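Colleague: Structure below; questions to follow.
The values are calculated or read from the model by the stated rules, or taken from the named source; none is laboratory data. Just so you know, these numbers come straight off a predicted model, no measurement behind them. Note that we place each Cβ from the backbone using ideal geometry, even for glycine, and neighbour counts take in every protein chain shown. We work out accessible area using only protein heavy atoms, side chains counted, and drop any ligands, DNA or RNA first. Shrake-Rupley method; radii C 1.70, N 1.55, O 1.52, S 1.80 Å.
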Amino acid sequence: MADQLIGKTLGGRYTLIEKIKEGGMAMVYKARDTNLDRFVAVKLILPQRELSERFLARFKREAKSHARLSHPNIVTVFDYGEFDNKPYLVMEYIPDGTLKDLLGKPIPWQKAAQIVASIARALATAHTQGIIHRDVKPSNILMSNRREPRLSDFGIAKLIEGDEETADLTGSGMGVGTPDYMAPEQGVGQSDERSDIYALGVVFYQLVTGNLPFKADTPLAVMLKKSTEPLPRPTQFVPDIPSTVEKVLIKALASNPKDRYHNMNGFAVALETLQLGMVTPDTFNELPPDETTRDLLGEVIQGGSKKSNTIPWILSGGVLFFCLGILIAGIFLWSRLSSQSGSPVDAPQPTDFSSALTESPLALPTADSPSEFSSSPEPIFPTDPPVSPTFAFIDAAPTATSVMFASNGNLIAFNSRMGGNSDIYTVNINGGDLSRLTSSTAHDVYPSWSPDGTQIVYQTNEGGDQELVIINVSNKEYYAITNNTCNDWGPVWSPVGDWIAFYSDCDGERNIYKMRADGTDRTQLTFSSGSNSWFPAWSPDGKQITFSSNQLGKYHIYTMNSNGGEQVELAKGCVSYYSPDGRRILYGVYCNDTDELWLMNADGSNQRPITDGVECKNATWSPDGKNIVFQLSKTTGDGPFQIYIMDLDNPDRSNWSLVTDYDVNGAAPVWQP
């Protein structure tokens, strides 16, 4: 039977093309936005009867709050409206499938942790705005470009659950959600951010084991198992899962919300820490092979004494549900009286998301700082690390001074998605001492060292658009130097350290700018029209700036006075850097259909490749000008990448030195001065 809505235009601009998905609560269509000539996804909410003005007004309020969510791993809501008394949301169209497509067999836990960490950061952003998802599951996680997870359907469950007119959609009277992924407390319609932690924990469990933790013939039986049975140990499905991964799953999937991570940021950092390998299984107590996960969770909470985690949930919607509810409540009350000797049950406490800017984002428990839940001095992984710092814009650099370390030119800064979002890292030139400088819900990219090697300026999309931030490498204090409604990209420090060059779209085009290192004296240097100018770089004497522009069609490298003025075309290419002595320019040509690194003299003469068709890009110089550091793709120009060093006197590939023997999933490496 033909869908009668195909071909209809909603809101005067969204023409429905085809049905993508249909569920009990909504239908999703691929549509064309005729105003902006782009594809969008339209989700129509499908109540079983006419909705009142009260519900529609509530829907609009929820839609507005969801549209304000801005995160790289959240599907963007563009618009909302009403059609034939059915509310709808307009979202970005992502045609590449969902995380559900990866299910069926275990995937490497490292890959699973990376995917889930990205979604955890997205949920943490939503939670700070008071938005709980309530229906986290693989089919709601879209896979953009088959690699980047994007969470959708925020608040749909709440919209249905919270209105008496749509309560009949739940069938049994339980809270709306998907029973396989719902937290036990959602059985009575109770949920907070810890319910999202549980649901995301189920997703992580399913990815690494290939199985759901609880299975039964009916949704009611699944929910009953969650409240009365211990979590099946992940190693019974995949024996070689590290104990650290298993303990993360046990904590996230605790049946009692109080025993889970306190907030989504804590879960995210635990996942990111697993990925980075900053701790090893030797750091943790070994899991006894004959104990249940409930026994183990009791040890984490009470230092060895067992404690029941059963949560009451009452099943309504008929005599059978009522009786089951009484039975479960009786089990719960008996277990609480037995384990707590009449102690009152603690009410859930609101989560405090605030954090000082100086907190280390990857603080881990040590033998001298036992877990908050454990009376044992042995560190129990994972405890709740500090939440990621709240990003704050300030007018100028902090006046407080701090001890600075001396630069020795032995560090390389780069950006990487190893932790889910793109963050700034440093590593020693021999590959050791990996350090993560930033940890936020944003993507932090394109680091550039200060001339003394103690600070880094980088680009971030915290707050929505692209802004520039400076971070102190020794104490990780940071502050924003731009805060506007346009995008600022690709910062690079001048040789003296008084100026920062960058490119921006503040005039409607991408042009080169500079400003003082404190964010003042913003000056536009190029005035392209109908073309892009980007990726500036300073000459060692600070008098010249190179940049790339496509004003001739293909991208060429130009040079100009550091105050702007006449532009001189040097070569076809993209990102460029002067050598420390100012005599040569290192540049890439990947913007012109091939990924190679080239050298030329500063006047544009003697152009020559130094990599022979190898997928290399984003190279910078060592302080002495004898070596370069660059990123190399293992497979294609899109990554994954590793970081290498080349001796320019011996440029043959067999002489390249590998800095990172792992996929950095990012790069843009820059050598410390």
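Colleague: Please go through the stretch 190-228 and give me each residue that is free of Cβ contacts under 8 Å to residues at least 40 places away in the same chain and either surrounded by 22 or more Cβ atoms within 10 Å (Cβ to Cβ) or under 26 Å from I107 (Cβ atoms) (or both), ordered by number.
Modeller: N211, L212, F214, K215, A216, K225
Colleague: Still on this structure, please answer the following. Where residues in the stretch 634-659 are farther than 16 Å from L599 by Cβ and out of contact with any strand residue (DSSP E or B) (no Cβ under 9 Å at 6 or more places or on another chain), which of them is modelled with the lowest pLDDT?
Modeller: Looking at residues that are farther than 16 Å from L599 by Cβ and out of contact with any strand residue (DSSP E or B) (no Cβ under 9 Å at 6 or more places or on another chain), I get T636.
Colleague: Considering only residues that are in a strand (DSSP E or B) and open to solvent by less than 30 Å² (accessible area, probe 1.4 Å), look in the stretch 439-457 and name the one that is farthest from G420 (Cα to Cα).
Modeller: W449
Colleague: Look at I115 and say whether it is in contact (Cβ under 8 Å) with a residue 24 or more places away in the chain and in a helix (DSSP H, G or I).
Modeller: yes
Colleague: Go through A517, A480 for me and flag whichever is under 28 Å from G409 (Cα atoms), of a type outside the set (D, E, K, R), more than 24 Å from the chain's Cα centre (by Cα) and at pLDDT 90 or above.
Modeller: A517
Colleague: Tally the residues that are closer than 21 Å to T76 by Cβ, among the charged types (D, E, K, R) and open to solvent by 20 Å² or more (accessible area, probe 1.4 Å), restricting the search to the stretch 458-495.
Modeller: Final tally of qualifying residues: 2.
Colleague: Being modelled with pLDDT of 85 or more, part of a loop (DSSP other than H, G, I, E, B), open to solvent by less than 70 Å² (accessible area, probe 1.4 Å) and under 23 Å from D423 (Cβ atoms), is that true of even one residue in the stretch 611-624?
Modeller: Scanning the stretch 611-624, I find no residue that is modelled with pLDDT of 85 or more, part of a loop (DSSP other than H, G, I, E, B), open to solvent by less than 70 Å² (accessible area, probe 1.4 Å) and under 23 Å from D423 (Cβ atoms), so the answer is no.
Colleague: List the residue pairs whose Cβ atoms are under 6 Å apart, where the first residue sits in the stretch 543-572 and is within 18 Å of T620 (Cα to Cα), the second is outside any strand (DSSP E or B) and open to solvent by less than 10 Å² (accessible area, probe 1.4 Å), and the two are 6 or more positions apart or on different chains.
Modeller: S548/C574; I557/G573
Colleague: Just to verify a result, which residue in the stretch 584-594, among those that are under 22 Å from S448 (Cβ atoms) and either open to solvent by less than 10 Å² (accessible area, probe 1.4 Å) or modelled with pLDDT under 95 (or both), is farthest from the chain's Cα centre (by Cα)?
Modeller: I585
Colleague: Take the stretch 412-468 and flag every residue that is over 26 Å from A113 (Cβ atoms) and either of a type in the set (S, T, Y) or under 15 Å from the mean Cα position of the chain (by Cα) (or both).
Modeller: S448, S450, T454, G463, G464
Colleague: A further question on this structure: Could you go through the stretch 585-602 and let me know if any residue there is closer than 29 Å to I470 by Cα, touching a residue at least 12 places away in the same chain (Cβ under 8 Å), in a loop (DSSP other than H, G, I, E, B) and not aliphatic (A, V, I, L, M).
Modeller: No, there is no match, as no residue in the stretch 585-602 is closer than 29 Å to I470 by Cα, touching a residue at least 12 places away in the same chain (Cβ under 8 Å), in a loop (DSSP other than H, G, I, E, B) and not aliphatic (A, V, I, L, M).
Colleague: Identify, please: which residue in the stretch 111-154 is basic (K, R) and either surrounded by 24 or more Cβ atoms within 10 Å (Cβ to Cβ) or in contact with a strand residue (DSSP E or B) (Cβ under 6 Å, 6 or more places away or on another chain) (or both) and is, among those, farthest from I45 (Cα to Cα)?
Modeller: R121
Colleague: Among the residues of the stretch 496-516, count how many are open to solvent by 20 Å² or more (accessible area, probe 1.4 Å), in contact with a strand residue (DSSP E or B) (Cβ under 8 Å, 6 or more places away or on another chain) and in contact (Cβ under 8 Å) with a residue 40 or more places away in the chain.
Modeller: 1
Colleague: Further question on the same structure: Could you tell me how many of the residues in the stretch 555-577 are of a type outside the set (D, E), part of a strand (DSSP E or B) and out of contact with any strand residue (DSSP E or B) (no Cβ under 6 Å at 6 or more places or on another chain)?
Modeller: Counting residues in the stretch 555-577 that are of a type outside the set (D, E), part of a strand (DSSP E or B) and out of contact with any strand residue (DSSP E or B) (no Cβ under 6 Å at 6 or more places or on another chain) gives 3.
Colleague: Here's something else I'd like to know. Among the residues of the stretch 526-546, count how many are under 27 Å from Y478 (Cα atoms) and open to solvent by less than 10 Å² (accessible area, probe 1.4 Å).
Modeller: Of the residues in the stretch 526-546, 4 are under 27 Å from Y478 (Cα atoms) and open to solvent by less than 10 Å² (accessible area, probe 1.4 Å).
Colleague: Among the residues of the stretch 638-660, what is the count of those that are without any contact (Cβ under 8 Å) to a residue 24 or more places away in the chain and part of a helix (DSSP H, G or I)?
Modeller: Number of matching residues: 2.
Colleague: Right, here's the next one. Open to solvent by less than 30 Å² (accessible area, probe 1.4 Å) and more than 26 Å from the chain's Cα centre (by Cα), is that true of F59?
Modeller: Answer is yes for this residue.
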